[in-house]
Amino acid sequence: MKSKQSGATGDKILGPTGKESVFDSVLDDPSLTDSEKTLLRLEQEGALLVLAGAESPAQTLLIIFYHMVANPIIFNKLRTELSTVRNADSWAELEKLPYLSAVIEEGNRLSFGVTARTARIASDPITYTPSSHVKSPTTGSQTYTIPPGTPISISTLSAHTAESVFPDPFTFDTERWLGEEGRQRRKFNMAFSKGGRKCIGIELARAELYLVVAALVQRFDMTLWRTDASDVAFQYDYQVATPKLDSEGVQVKVTRAGPGMER
Ligand code: HEM
(Lines give C-alpha, C1' and ligand atoms only; values in the text may rest on other atoms or scores of the structure.)
Protein backbone atom coordinates (compact mmCIF):
# COMPACT_ATOMS: atom_id res chain seq x y z
CA MET A 1 0.00 0.00 0.00
CA LYS A 2 2.90 2.32 0.83
CA SER A 3 4.66 1.67 -2.47
CA LYS A 4 1.45 2.28 -4.38
CA GLN A 5 0.93 5.60 -2.62
CA SER A 6 4.52 6.69 -3.35
CA GLY A 7 4.34 5.41 -6.94
CA ALA A 8 7.45 3.20 -6.44
CA THR A 9 7.14 0.05 -8.52
CA GLY A 10 10.48 -1.71 -7.82
CA ASP A 11 11.34 -4.97 -9.59
CA LYS A 12 8.02 -6.70 -9.15
CA ILE A 13 7.26 -9.98 -10.86
CA LEU A 14 3.86 -9.61 -12.48
CA GLY A 15 1.35 -12.41 -13.04
CA PRO A 16 -0.43 -13.15 -16.34
CA THR A 17 -3.02 -10.43 -15.71
CA GLY A 18 -0.28 -7.81 -15.38
CA LYS A 19 -0.91 -7.56 -11.63
CA GLU A 20 1.50 -8.52 -8.89
CA SER A 21 -1.24 -10.08 -6.75
CA VAL A 22 -4.93 -10.02 -5.91
CA PHE A 23 -4.18 -7.06 -3.63
CA ASP A 24 -3.19 -4.96 -6.66
CA SER A 25 -6.48 -5.83 -8.31
CA VAL A 26 -8.43 -4.61 -5.27
CA LEU A 27 -6.36 -1.44 -4.82
CA ASP A 28 -6.45 -0.51 -8.52
CA ASP A 29 -10.17 -1.13 -9.00
CA PRO A 30 -11.87 2.24 -9.58
CA SER A 31 -15.30 0.79 -8.83
CA LEU A 32 -14.36 0.10 -5.18
CA THR A 33 -14.66 2.81 -2.53
CA ASP A 34 -11.79 3.73 -0.19
CA SER A 35 -13.47 1.84 2.66
CA GLU A 36 -13.09 -1.33 0.58
CA LYS A 37 -9.36 -0.73 0.16
CA THR A 38 -8.35 -0.65 3.81
CA LEU A 39 -5.65 -2.88 5.28
CA LEU A 40 -8.37 -4.81 7.16
CA ARG A 41 -10.20 -5.60 3.91
CA LEU A 42 -6.96 -6.79 2.30
CA GLU A 43 -6.13 -8.93 5.33
CA GLN A 44 -9.56 -10.54 5.29
CA GLU A 45 -9.50 -11.09 1.53
CA GLY A 46 -6.03 -12.64 1.76
CA ALA A 47 -6.94 -14.94 4.65
CA LEU A 48 -10.11 -16.10 2.87
CA LEU A 49 -8.28 -16.82 -0.38
CA VAL A 50 -5.49 -18.76 1.31
CA LEU A 51 -7.91 -20.81 3.40
CA ALA A 52 -10.47 -21.35 0.64
CA GLY A 53 -7.93 -21.89 -2.12
CA ALA A 54 -5.59 -24.24 -0.25
CA GLU A 55 -7.49 -26.03 2.51
CA SER A 56 -10.61 -27.00 0.56
CA PRO A 57 -8.99 -28.74 -2.45
CA ALA A 58 -6.46 -30.35 -0.08
CA GLN A 59 -9.33 -31.77 1.96
CA THR A 60 -11.01 -33.29 -1.11
CA LEU A 61 -7.70 -34.78 -2.28
CA LEU A 62 -7.13 -36.25 1.16
CA ILE A 63 -10.51 -38.00 1.11
CA ILE A 64 -10.06 -39.23 -2.47
CA PHE A 65 -6.60 -40.66 -1.87
CA TYR A 66 -7.46 -42.28 1.45
CA HIS A 67 -10.39 -44.17 -0.10
CA MET A 68 -8.63 -45.05 -3.33
CA VAL A 69 -5.56 -46.40 -1.57
CA ALA A 70 -7.72 -48.28 0.95
CA ASN A 71 -9.75 -49.78 -1.95
CA PRO A 72 -7.35 -50.88 -4.71
CA ILE A 73 -10.32 -51.84 -6.92
CA ILE A 74 -11.20 -48.14 -7.22
CA PHE A 75 -7.55 -47.15 -7.73
CA ASN A 76 -6.99 -49.75 -10.47
CA LYS A 77 -10.27 -49.00 -12.22
CA LEU A 78 -9.28 -45.35 -12.41
CA ARG A 79 -5.79 -46.18 -13.62
CA THR A 80 -7.25 -48.35 -16.39
CA GLU A 81 -9.54 -45.53 -17.48
CA LEU A 82 -6.64 -43.05 -17.44
CA SER A 83 -4.59 -45.34 -19.69
CA THR A 84 -7.17 -44.69 -22.46
CA VAL A 85 -6.69 -40.93 -22.50
CA ARG A 86 -4.37 -39.37 -25.08
CA ASN A 87 -3.34 -36.28 -23.12
CA ALA A 88 -3.71 -36.63 -19.36
CA ASP A 89 -2.28 -33.13 -18.89
CA SER A 90 -5.39 -31.67 -20.50
CA TRP A 91 -8.19 -30.83 -18.08
CA ALA A 92 -10.63 -30.70 -21.01
CA GLU A 93 -9.84 -34.33 -21.86
CA LEU A 94 -9.84 -35.51 -18.25
CA GLU A 95 -13.27 -33.99 -17.59
CA LYS A 96 -14.77 -36.32 -20.18
CA LEU A 97 -13.76 -39.42 -18.21
CA PRO A 98 -16.82 -40.79 -16.37
CA TYR A 99 -14.97 -42.76 -13.71
CA LEU A 100 -12.51 -39.97 -12.83
CA SER A 101 -15.48 -37.58 -12.60
CA ALA A 102 -17.26 -40.04 -10.30
CA VAL A 103 -14.18 -40.26 -8.04
CA ILE A 104 -14.03 -36.46 -7.80
CA GLU A 105 -17.78 -36.09 -7.12
CA GLU A 106 -17.54 -38.66 -4.33
CA GLY A 107 -14.43 -36.96 -2.90
CA ASN A 108 -16.22 -33.61 -2.82
CA ARG A 109 -19.30 -35.21 -1.25
CA LEU A 110 -17.38 -36.84 1.60
CA SER A 111 -15.04 -33.88 2.13
CA PHE A 112 -18.21 -31.88 2.96
CA GLY A 113 -16.70 -28.63 1.57
CA VAL A 114 -17.43 -25.83 4.04
CA THR A 115 -18.98 -27.65 6.98
CA ALA A 116 -20.44 -24.76 8.99
CA ARG A 117 -24.03 -23.82 8.22
CA THR A 118 -23.91 -21.38 5.32
CA ALA A 119 -26.83 -19.10 6.10
CA ARG A 120 -28.72 -17.21 3.44
CA ILE A 121 -31.43 -14.53 3.76
CA ALA A 122 -33.33 -13.92 0.54
CA SER A 123 -34.88 -10.51 -0.05
CA ASP A 124 -37.59 -11.98 -2.30
CA PRO A 125 -40.08 -14.75 -1.47
CA ILE A 126 -38.77 -18.23 -2.32
CA THR A 127 -41.01 -20.98 -3.66
CA TYR A 128 -39.82 -24.33 -2.35
CA THR A 129 -41.07 -27.67 -3.60
CA PRO A 130 -39.39 -30.65 -1.88
CA SER A 131 -37.67 -32.98 -4.34
CA SER A 132 -38.93 -36.52 -4.95
CA HIS A 133 -36.25 -37.70 -2.48
CA VAL A 134 -38.04 -36.07 0.47
CA LYS A 135 -39.85 -38.89 2.24
CA SER A 136 -41.36 -37.06 5.21
CA PRO A 137 -45.13 -37.67 5.52
CA THR A 138 -45.60 -34.07 6.70
CA THR A 139 -44.06 -32.48 3.61
CA GLY A 140 -45.00 -34.65 0.63
CA SER A 141 -44.99 -32.68 -2.60
CA GLN A 142 -46.52 -29.62 -1.01
CA THR A 143 -45.09 -26.29 -2.17
CA TYR A 144 -44.01 -23.72 0.40
CA THR A 145 -43.41 -20.02 0.14
CA ILE A 146 -40.59 -18.82 2.37
CA PRO A 147 -41.19 -15.16 3.23
CA PRO A 148 -38.49 -12.57 2.41
CA GLY A 149 -35.99 -11.96 5.22
CA THR A 150 -36.22 -15.50 6.62
CA PRO A 151 -32.79 -16.88 7.53
CA ILE A 152 -32.41 -20.36 6.07
CA SER A 153 -29.45 -22.70 6.09
CA ILE A 154 -28.41 -26.28 5.57
CA SER A 155 -25.21 -28.08 6.44
CA THR A 156 -23.39 -30.23 3.90
CA LEU A 157 -23.25 -32.99 6.52
CA SER A 158 -27.05 -33.31 6.49
CA ALA A 159 -27.35 -32.82 2.71
CA HIS A 160 -24.57 -35.22 1.76
CA THR A 161 -25.63 -37.98 4.12
CA ALA A 162 -29.36 -37.98 3.29
CA GLU A 163 -30.02 -41.70 2.83
CA SER A 164 -32.79 -41.15 0.28
CA VAL A 165 -30.34 -39.40 -2.07
CA PHE A 166 -27.09 -41.15 -1.13
CA PRO A 167 -27.82 -44.68 0.14
CA ASP A 168 -25.18 -46.01 2.55
CA PRO A 169 -23.92 -42.42 2.79
CA PHE A 170 -20.64 -42.93 4.65
CA THR A 171 -19.35 -45.42 2.06
CA PHE A 172 -17.06 -44.04 -0.66
CA ASP A 173 -19.12 -45.40 -3.53
CA THR A 174 -18.03 -44.08 -6.92
CA GLU A 175 -20.77 -46.06 -8.71
CA ARG A 176 -23.48 -43.70 -7.42
CA TRP A 177 -22.24 -41.00 -9.82
CA LEU A 178 -22.28 -43.12 -13.00
CA GLY A 179 -24.94 -43.34 -15.70
CA GLU A 180 -28.05 -41.18 -16.04
CA GLU A 181 -29.04 -41.64 -12.39
CA GLY A 182 -25.55 -40.50 -11.36
CA ARG A 183 -25.80 -37.43 -13.59
CA GLN A 184 -29.16 -36.49 -12.03
CA ARG A 185 -27.66 -36.90 -8.57
CA ARG A 186 -25.02 -34.23 -9.19
CA LYS A 187 -27.36 -31.39 -8.33
CA PHE A 188 -27.46 -32.68 -4.75
CA ASN A 189 -23.70 -32.27 -4.32
CA MET A 190 -23.40 -29.05 -2.35
CA ALA A 191 -19.65 -29.06 -1.65
CA PHE A 192 -19.23 -25.75 -3.50
CA SER A 193 -22.51 -24.36 -2.11
CA LYS A 194 -25.20 -22.93 -4.40
CA GLY A 195 -26.50 -19.59 -5.59
CA GLY A 196 -24.98 -16.14 -5.63
CA ARG A 197 -22.43 -16.79 -2.86
CA LYS A 198 -21.29 -20.20 -4.03
CA CYS A 199 -17.58 -20.88 -4.34
CA ILE A 200 -15.90 -18.43 -6.68
CA GLY A 201 -13.00 -20.83 -7.27
CA ILE A 202 -15.00 -23.83 -8.59
CA GLU A 203 -13.31 -24.06 -11.97
CA LEU A 204 -9.81 -23.66 -10.52
CA ALA A 205 -10.61 -26.25 -7.84
CA ARG A 206 -11.98 -28.70 -10.40
CA ALA A 207 -8.94 -28.25 -12.64
CA GLU A 208 -6.64 -28.88 -9.67
CA LEU A 209 -8.55 -32.01 -8.64
CA TYR A 210 -8.67 -33.57 -12.12
CA LEU A 211 -5.03 -32.83 -12.93
CA VAL A 212 -3.56 -33.84 -9.56
CA VAL A 213 -5.57 -37.06 -9.21
CA ALA A 214 -4.74 -38.12 -12.78
CA ALA A 215 -1.04 -37.31 -12.46
CA LEU A 216 -0.55 -39.17 -9.18
CA VAL A 217 -2.64 -42.23 -10.05
CA GLN A 218 -0.81 -42.66 -13.35
CA ARG A 219 2.67 -42.26 -11.94
CA PHE A 220 2.69 -43.85 -8.48
CA ASP A 221 1.70 -46.98 -6.58
CA MET A 222 0.60 -46.29 -3.00
CA THR A 223 -0.12 -48.17 0.20
CA LEU A 224 -1.45 -46.73 3.45
CA TRP A 225 1.00 -46.23 6.30
CA ARG A 226 -0.25 -45.99 9.90
CA THR A 227 -3.58 -44.70 8.56
CA ASP A 228 -7.13 -45.98 8.87
CA ALA A 229 -10.70 -44.73 8.40
CA SER A 230 -10.56 -42.79 11.69
CA ASP A 231 -7.98 -40.46 10.08
CA VAL A 232 -10.61 -39.15 7.65
CA ALA A 233 -13.85 -39.60 9.66
CA PHE A 234 -15.70 -36.29 10.23
CA GLN A 235 -15.54 -35.78 14.01
CA TYR A 236 -15.14 -32.02 14.49
CA ASP A 237 -16.55 -29.07 12.60
CA TYR A 238 -13.75 -26.53 12.28
CA GLN A 239 -15.27 -24.95 9.15
CA VAL A 240 -13.77 -27.95 7.37
CA ALA A 241 -14.41 -31.56 8.46
CA THR A 242 -11.74 -32.54 10.97
CA PRO A 243 -10.99 -36.09 12.18
CA LYS A 244 -9.84 -37.22 15.66
CA LEU A 245 -7.47 -34.64 17.09
CA ASP A 246 -4.49 -36.98 17.50
CA SER A 247 -4.62 -38.08 13.86
CA GLU A 248 -1.25 -37.89 12.11
CA GLY A 249 -3.03 -37.36 8.80
CA VAL A 250 -3.28 -39.63 5.79
CA GLN A 251 0.15 -41.16 5.22
CA VAL A 252 1.11 -43.32 2.27
CA LYS A 253 4.16 -45.23 1.07
CA VAL A 254 4.82 -44.30 -2.53
CA THR A 255 6.75 -46.10 -5.27
CA ARG A 256 6.99 -45.34 -8.98
CA ALA A 257 4.44 -47.20 -11.08
CA GLY A 258 5.65 -49.97 -13.38
CA PRO A 259 7.05 -49.15 -16.85
CA GLY A 260 3.68 -49.51 -18.60
CA MET A 261 2.19 -46.69 -16.54
CA GLU A 262 5.13 -44.34 -16.13
CA ARG A 263 4.87 -41.08 -18.05
C1 HEM B 1 -12.60 -28.56 -3.55
C2 HEM B 1 -12.32 -27.27 -3.40
C3 HEM B 1 -13.25 -26.23 -2.84
C4 HEM B 1 -14.42 -26.37 -2.13
C5 HEM B 1 -15.11 -27.66 -1.69
C6 HEM B 1 -14.92 -25.02 -1.86
C7 HEM B 1 -16.10 -24.73 -1.19
C8 HEM B 1 -16.60 -23.46 -1.00
C9 HEM B 1 -17.89 -23.15 -0.42
C10 HEM B 1 -18.88 -24.18 0.13
C11 HEM B 1 -18.03 -21.79 -0.42
C12 HEM B 1 -19.26 -20.99 0.07
C13 HEM B 1 -19.10 -20.62 1.51
C14 HEM B 1 -20.31 -19.86 1.99
O15 HEM B 1 -21.41 -20.15 1.55
O16 HEM B 1 -20.14 -18.98 2.81
C17 HEM B 1 -16.84 -21.24 -1.00
C18 HEM B 1 -16.61 -19.89 -1.16
C19 HEM B 1 -15.44 -19.37 -1.66
N20 HEM B 1 -14.41 -20.06 -2.22
FE21 HEM B 1 -14.26 -22.08 -2.42
N22 HEM B 1 -14.05 -24.11 -2.41
C23 HEM B 1 -13.02 -24.80 -3.01
C24 HEM B 1 -11.95 -24.25 -3.68
C25 HEM B 1 -11.68 -22.91 -3.80
C26 HEM B 1 -10.55 -22.33 -4.52
C27 HEM B 1 -9.47 -23.13 -5.26
C28 HEM B 1 -10.63 -20.97 -4.37
C29 HEM B 1 -9.76 -19.85 -4.89
C30 HEM B 1 -8.50 -19.91 -5.15
C31 HEM B 1 -11.82 -20.69 -3.59
C32 HEM B 1 -12.24 -19.44 -3.22
C33 HEM B 1 -13.44 -19.15 -2.60
C34 HEM B 1 -13.87 -17.80 -2.26
C35 HEM B 1 -13.10 -16.52 -2.51
C36 HEM B 1 -15.14 -17.94 -1.67
C37 HEM B 1 -16.05 -16.82 -1.16
C38 HEM B 1 -16.98 -16.42 -2.29
C39 HEM B 1 -18.01 -15.37 -1.85
O40 HEM B 1 -18.27 -15.20 -0.66
O41 HEM B 1 -18.60 -14.75 -2.75
N42 HEM B 1 -12.44 -21.89 -3.27
N43 HEM B 1 -15.99 -22.27 -1.36
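Within the range 85-121, the set of residues being modelled with pLDDT of 90 or more and more than 30 Å from V69 (Cα to Cα) comprises just one member, I121.
Is there a residue being surrounded by 13 or more Cβ atoms within 10 Å (Cβ to Cβ) and modelled with pLDDT of 95 or more anywhere in the range 3-12? I'd like the intermediate steps shown before the answer.
To start, the set of residues in the range 3-12 that are surrounded by 13 or more Cβ atoms within 10 Å (Cβ to Cβ) comprises 4.
Those still in the list that are modelled with pLDDT of 95 or more too: none.
No.
Pick from the range 185-228 the residues that are small (G, A, S) and more than 8 Å from the ligand (Cβ to nearest atom): which of them is nearest to T156 (Cα to Cα)? Restricting to residues being small (G, A, S) and more than 8 Å from the ligand (Cβ to nearest atom), the top hit is G195. Among the residues of the range 88-115, the ones that are over 23 Å from E163 (Cβ atoms), assigned to a loop (DSSP other than H, G, I, E, B) and within 16 Å of the ligand (Cβ to nearest atom) come to 1 in all.
Of all residues in the range 118-136, those that are in a loop (DSSP other than H, G, I, E, B), of a type in the set (D, E, K, R) and either in contact with a Gly (Cβ under 9 Å, 6 or more places away or on another chain) or assigned by TED's automatic domain parsing to the domain that holds Q235 (or both) total 0.
With the requirement that a residue be assigned to a helix (DSSP H, G or I) and either open to solvent by 30 Å² or more (accessible area, probe 1.4 Å) or not assigned by TED's automatic domain parsing to the domain that holds T60 (or both), what does the range 198-214 give you?
Within the range 198-214, I202, E203, L204, R206, E208, L211, V212 meet the criteria.
Any residue in the range 176-183 that is surrounded by 11 or more Cβ atoms within 10 Å (Cβ to Cβ) and either in a loop (DSSP other than H, G, I, E, B) or in contact with a Ser or Thr (Cβ under 6 Å, 6 or more places away or on another chain) (or both)?
yes
The values are calculated or read from the model by the stated rules, or taken from the named source; none is laboratory data. Since we're looking at a predicted model, the values are computed, not measured. Methodologically, a virtual Cβ is constructed for each residue, glycine included, from the backbone with ideal geometry; neighbour enumeration extends over all protein chains shown. Please note that ligands, DNA and RNA were not included when accessible areas were found on the heavy atoms of the full protein model with its side chains. Shrake-Rupley method; radii C 1.70, N 1.55, O 1.52, S 1.80 Å.
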